[in-house]
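Asker: A single structure is presented below for examination.
Read-outs: derived from the displayed coordinates by stated rules, not from any lab. Source: prediction; values computed, not measured. Virtual Cβ from ideal backbone geometry, glycine too; neighbours counted across all protein chains shown.
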Amino acid sequence: MNKFNIILIIVSTLMIAQVASAASNYLVTENAPVYPGDTTYVYVPIQNMGFGNYMEDVTVKLVPKEASSANAVKILDDVYSLGTINDWGDQRTAKFRIYVYPDTVEGDYYFNVFITYKGLQTYGTAPQNPATTKLDDQILTIRGKPVIMLVNSTIGIVAPGSTNKETLTFKNTGTGTVQNAVAEINIDNTNSAFSVLGGGKQFSLGTMKSGDFDSITFNLAVDVAAHPGVYNIPVKITGQNNYSTDNLIGLVVAGITDFDVSYVETVGSFSLNVVNVGISPASAVAVNLPRQKNFSIAGSSTSVLGNLNPGDYTSAPFQITKTAGAGNVLEFEIQYTDTSGQRHTITKSLPVTLSLTGTQSRGTSSTNYTLWIVIVVIILVLYWQRGKITTYFKKQK
């Protein structure tokens with residue numbers, strides 16, 4: 001083989017080795033940005049970087065580089081034919097139709113581009129086999145769609161006049177990122193039934209990527225005059241790029257109440273007078289006397305009173321006996337159901353002084369003894385003055 005042929009082969013090889021390039025590593029798309037669920041076109045520019053008319057039967061193939069890219073994008077048309085690129089510097093563009101899966105998370109996805117072509121057949125050389133050039137790490141940027149949702153709340157049932165430490169947990173259930181996210185609790189439409197104590201109604205969530213959780217904690221005060229019922233308090237999430245979404249906190253203001261108690265001791269019985277001194281109705285009210293050292297209970301230890309509206313009162317009868325040598329404080333429980341259906345138990349105590357016979361009412365324990373003494377004295381006086389009384393009546397006749 002003479003020197004001329006060797007030089008010609010070397011030059012031809014070098015020319016074939018420099019056949020194609022792309023202007024940028026980022027893939028150009030028909031629509032920008034590209035979102036999950038989109039069907040669009042991806043463009044790959046191919047340029048002849050050689051020194052002759054030698055790129056023939058050019059075909060371009062787009063292939064996902066990694067499993068994450070294959071799981072994010074479905075390439076509907078993965079091979080594109082460019083024909084012949086004749087001159088040095090000439091450029092053609094390959095076009096691929098793709099579909100982005102709806103659950104694709106925001107980020108950069110990598111693809112490889114394979115360019116297959118035949119080089120120029122020179123005089124005296126055999127037809128060349130197709131050559132393939134690979135363009136690595138071609139990037140497709142996908143912008144996600146963030147969705148920040150309230151996924152957990154410690155708020156459930158609250159009582160009028162209470163202060164409750166509450167925590168709200170949020171999750172980015174979408175596919176995009178929200179930067180500088182802020183949660184704002186809107187209590188303006190609750191007629192001042194609620195207040196957020198402390199440093200305001202806005203709380204920073206920071207940057208939330210897809211799948212991220214974040215929580216806020218605050219003190220929620222409930223007005224003493226808050227009406228029982230179900231309330232929905234709006235929570236608005238905002239962030240950069242005009243992101244905004246609304247959530248609702250659902251809570252119940254329970255119609256809890258309180259009771260005042262006195263007692264009455266009558267002939268053969270003892271009763272606790274119970275009055276609803278709160279602002280809410282109480283259902284299925286019952287009074288229970290637990291076992292205690294000061295008093296013993298005969299018969300039933302529970303008395304069911306039924307429903308008590310605010311201001312209503314009724315009596316709970318019991319049979320009790322004071323334990324000798326023990327104290328005089330009677331302990332008991334009042335059980336009731338509030339307007340939300342929740343059962344409550346209130347523990348109370350009351351100083352109780354029973355009469356010796358157990359038949360007197362409170363504050364009148366000597367009434368029956370005095371009456372009997374007066375009767376006995378009258379009988380004795382009549383007996384002692386019986387003679388004078390008989391003489392008196394005879395004179396009248």
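Asker: Could you please report the charge total around Lys65, scoring K, R as +1 and D, E as -1 over all other residues with beta-carbon less than 12 angstrom from its beta-carbon?
Answerer: -3
Asker: Next question. Can you put Ser210, Ser192, Ser262 in order, fewest other beta carbons within 10 Å first?
Answerer: Sorted ascending by nearby Cβ count, the order is Ser192, Ser262, Ser210.
Asker: Relative contact order of segment 190-266, please, whole-number percent, based on alpha carbon pairs below 8 angstrom and at least 6 residues apart.
Answerer: Reported relative contact order: 26 percent.
Asker: Can you compute the FRET efficiency between Ile155 and Asp108 using 1/(1 + (r/R0)^6), with r the Cβ-Cβ distance and R0 = 41 Å? Round to the nearest 0.05. Can you show the working numbers first?
Answerer: Details: r = 40 Å, r/R0 = 0.97.
Computed FRET efficiency for Ile155 and Asp108: 0.55.
Asker: My understanding is that a pair violates if its Cα-Cα distance is over 29 Å; which of Lys165/Lys348; Lys165/Lys209; Lys165/Lys293 do that in this structure?
Answerer: Table pairs above 29 Å Cα-Cα are Lys165/Lys293.
Asker: Then there is this: Using the alpha-carbon centroid of each, what span in Å lies between segment 193-239 and segment 292-320?
Answerer: Rounded to whole Å, the Cα centres lie 43 Å apart.
Asker: Among residues other than Ser210 whose Cβ falls under 15 Å from its Cβ, what is the net charge (Lys/Arg +1, Asp/Glu -1)?
Answerer: Details: positive: Arg143, Lys145, Lys171, Lys209; negative: Asp103, Glu106, Asp108, Asp212, Asp214.
Once all neighbours under 15 Å are counted, the net charge is -1.
Asker: Sticking with this structure for a sec: Given the alpha-carbon gyration tensor of segment 144-279, what are the semi-axes of its equivalent ellipsoid in whole angstrom, ordered largest first, with each equal to the square root of 5 times an eigenvalue? Before the final figure, lay out each step's value.
Answerer: On the way: eigenvalues 394, 36, 23 Å².
That gives 44, 13, 11 Å for the three semi-axes.
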